[in-house]
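Beneath this line is the structure, given in structure tokens, with notes to follow.
The values are calculated or read from the model by the stated rules, or taken from the named source; none is laboratory data. Here the structure is a predicted model, which is why all the values come from computation and not from measurement. We place every Cβ from the backbone using ideal geometry, glycine too, and count neighbours over all the protein chains shown.
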Amino acid sequence: MAAAFESQKGILHCEGCSLKQLARDIGTPLYVYSRNALVDNFRQFDRAFGEFPHLVCFAVKDTSNLSLLRLFRDLGAGFDIVSGGELFRARQVGADPQKVVFSGVGKKNVEIDYALNSNILLFNVESKAELDAIEARGKTLNIKARVAIRVNPDIDPDTHPHIATGLLQHKFGIGVEEALPLYRHAASLSFVEPVGVSCHIGSQVTTLNPFVEATQRVLKLVEELNASGIRLRYIDLGGGLGIRYRDECPPTVFDYAAALTRLLAGRPETLILEPGRILAADAAVLLTEVLYLKQSQGRQFVVADAGMNDLLRPGLYGAFHDIVPVEATERDAVVADVVGPVWETTDYLARDRSLPQVQSGEVLAVKDAGAYGFTLSSNYNSRPRAAEVLVDSQSYHVIRKRESYEDLVRGEKGF
Ligand code: LLP
């Protein structure tokens, strides 16, 4: 968790705002983001690449609230998008289209058209079929698309199997050895200009080696392309740098940047990066109120008002998020499951967790919830989605209202 979250007189604060007070004012479940943490994370990441020509495209899927995207845009970030909806968000905040890259295996024609009309920097193309679809749409609209081919370097990133993407068995990208013929094909097309190569090996990667190996494979391909007369302008190495949720020891952004720039030193291409988690995860907590304490078959349950519809990562990946009461007091520890109200066995925030003996009515902070937190939330069980708040020193702004019951049925009226 970022330094922006600190205890002051026994109460956890986000910058100058008491989390206990925020929960009281706005209610729970509540996502609370620190502006300082987001700014510091971005600046550190960006500065780590120093003078090396680079573009940091924040991965919108990590957290996509317009106020947060606007903040990143103001800091000079571009955006990595994976859908027309994410492009809409980027455009809503006035993102420079020349700083937008479009990833994803399943781009639909309407999304391709939207991106072509928006004049985005790059399509990260994941198959020959997609390349041909972009060519066809470009021809119809008379717009030439800049493309990078996403290669799959067949590297084991040693992360949770559900968030690894760079092995040949995964649906992402194309094998490195298939890339050369595909570039030749791209170069022969009229409405597609191959200007880059892209690669993303997975998420929550906590060692440098997979990044280094993937970059080496990409560079080998770039050399082969050069030898066959295809010169690129961009090398996009994706995102994926992990954070410490529990006891992981991920490399620092400086070590990460140094490892990549060492390999790329002297090259003419611009480096594109698509970080998400490393910029956003530790910049937010999810606040939840304890509803009930319950004992069943010798197990202790803490029933909270945030469930898997609010934070899916524990239920989906068994992910660990540290949980602390916002008010620290001397008390015994217990081992409990922290569960939500949702009608699923996988509806939990923590399992077999040693926690201070909490009481009903008190507020807990689920840490490191800023990436894949709100964006993975849903209305399952017809639960309105949580509010989001951005703290800026002593003040705060509700950047997304809590959904109402009316919001739940909007779009279902009139039949
Ligand atoms: N670029 C591409 C092409 C990606 O697929 C991803 C993440 C990123 C960038 C950003 O990766 P990051 O820097 O955030 O690791 N829902 C999962 C993670 C899914 C990752 C999807 N792709 C989770 O909660 O852990």
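Values for this structure:
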| quantity | calculated |
| --- | --- |
| Among the candidates LEU364, LEU355, LEU376, residue that is surrounded by 14 or more Cβ atoms within 10 Å (Cβ to Cβ), in contact (Cβ under 8 Å) with a residue 40 or more places away in the chain, assigned by TED's automatic domain parsing to the domain that holds CYS14 and closer than 22 Å to SER404 by Cα | LEU376 |
| Residue in segment 237-254 that is surrounded by the most Cβ atoms within 10 Å (Cβ to Cβ), counting only those that are free of Cβ contacts under 8 Å to residues at least 60 places away in the same chain and more than 16 Å from the ligand (Cβ to nearest atom) | CYS249 |
| Considering residues of segment 123-167 that are more than 15 Å from the ligand (Cβ to nearest atom) and at pLDDT below 90 only, the residue surrounded by the fewest Cβ atoms within 10 Å (Cβ to Cβ) | ASP156 |
| Conditions (1) more than 15 Å from GLN21 (Cα to Cα); (2) more than 16 Å from the ligand (Cβ to nearest atom): number failed by TYR372 | (2) |
| Set ALA328, ALA333, ALA369, ALA319: member being out of contact with any helix residue (DSSP H, G or I) (no Cβ under 6 Å at 6 or more places or on another chain) and surrounded by 14 or more Cβ atoms within 10 Å (Cβ to Cβ) | ALA369 |
| Selection count, segment 49-76, where residues are surrounded by fewer than 19 Cβ atoms within 10 Å (Cβ to Cβ) and among the aliphatic types (A, V, I, L, M) | 2 |
| Flag for LEU311 being touching a residue at least 40 places away in the same chain (Cβ under 8 Å) and more than 14 Å from the ligand (Cβ to nearest atom) | no |
| Among (1) farther than 19 Å from ARG313 by Cβ; (2) outside the structural domain of GLU327 (by TED's automatic domain parsing); (3) crowded, with 21+ Cβ neighbours inside 10 Å - the single one ASP46 does not satisfy | (3) |
| In segment 260-284, the residues that are within 16 Å of the ligand (Cβ to nearest atom) and out of contact with any Asp or Glu (no Cβ under 7 Å at 6 or more places or on another chain) | LEU260, LEU271, LEU273, PRO275, ILE278, LEU279, ALA283, ALA284 |
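Residue-wise test of (1) of a type outside the set (A, V, I, L, M); (2) touching a residue at least 24 places away in the same chain (Cβ under 8 Å).
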| residue | (1), (2) |
| --- | --- |
| SER103 | yes, yes |
| GLY106 | yes, no |
| ASN109 | yes, yes |
| ILE112 | no, yes |
| LEU116 | no, yes |
| GLU130 | yes, yes |
| ALA133 | no, yes |
| LYS139 | yes, yes |
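Yes or no, residue by residue, for (1) among the hydroxyl-bearing types (Ser, Thr, Tyr); (2) buried (at least 24 other Cβ atoms within 10 Å of the Cβ):
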site	(1), (2)
THR261	yes, no
LEU279	no, yes
ALA284	no, yes
LEU291	no, no
GLN295	no, no
ARG299	no, no
